[in-house]
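Written out below as structure tokens is the structure these notes cover.
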Amino acid sequence: MGRSRRTIPEELLLLALDPATGTTAQPQSLDLGLAGAQLVELALAGRIAPDGDRIAVVMPRPTGDPTLDSALELLRRRGSPVRAVHWIGGPRLGLRQIYLAHLERCGMVHAVAGQMCGVLPTTRYQATDTEISREIRARLDSAIRTGVPPDPRTAALAALAHAVGLGKHLYPGNEGRSSRSRLRDLIRHDPMGGLVAHAVMDVQNGVAAQPRRDRAPAPQARPAPAGGVPMQPRRTGAMARVPAH
């Protein structure tokens, strides 16, 4: 895949990185967003494709990016298409730290050790080239300002930035309200980006990951004898037993 182009997970993390504090905005939801960004990047690389609300591997050949190839291999091992909400909400938290270390190895950020309250060790991350972050931000600003449909990469990045709540970080306050709204609207310009962005929001909102099933019909009361009270459904087995006290 080469390193001539930054991946969407890398760009999402750089967008979230606060240059003043060296910390990331929305740290809890950012892990989910990075999992979704991996799916978008793999789709753009032709390795996976959407199948309804599921993700199917269509080419298991590695991309050459270790973090993406790890995700691709996990998807391949599933053997069948997986629902986007299952994948994004799965036990792969910690992607933020994985990608911060990845960006440090690539020379895009450098770690700055410190202490909290003079005791607890902390690590902040500063971008080594702020021009990269400005270029990423300028693409979003241009798509928001001009209304011209963005390229798929920018559209997917905008969708994920909205999904993880970066809108209020990028365009704060009342003056940024219209920009946040237009950022949200960019979600419609990339089907894959839209699919994973909605999955990220569903996981955050606690939407059930399992398909909705029809509930079993409630037991019907037995017909009442003439002039009597309707008889309750007959219970058998364990349901008929009364717990011992």
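For the range 33-45, 3J(HN,Hα) computed residue by residue from phi via the Karplus equation (6.51, -1.76, 1.60; θ = phi - 60°) reads x, 5, 4, x, 5, 4, 4, 4, 5, 5, 5, 5, 7 Hz, glycine and proline entered as x. Surface composition of the range 70-176: carbon plus sulfur atoms contribute 56% of the solvent-accessible area (1.4 Å probe, protein chains only, all chains present).
On the protein heavy atoms, probe 1.4 angstrom, tell me the percent of accessible surface of the range 1-66 carried by carbon and sulfur.
Whole-percent figure for carbon plus sulfur exposure: 54.
Rolling a 1.4 Å probe over the heavy atoms of the protein chains gives the range 1-62 an accessible area of 40 Å² per residue. Working from label points 7 Å from Cα in the Cα-to-Cβ sense, the ARG124 to MET59 distance is 4.3 nm.
The values are calculated or read from the model by the stated rules, or taken from the named source; none is laboratory data. Here the structure is a predicted model, which means the values were calculated and not measured. Reconstructed Cβ throughout: ideal geometry from the backbone, glycine too, with neighbour counts over all protein chains shown. Ligands, DNA and RNA are excluded from the accessible area calculation, which covers all protein heavy atoms including side chains. Shrake-Rupley method; radii C 1.70, N 1.55, O 1.52, S 1.80 Å.
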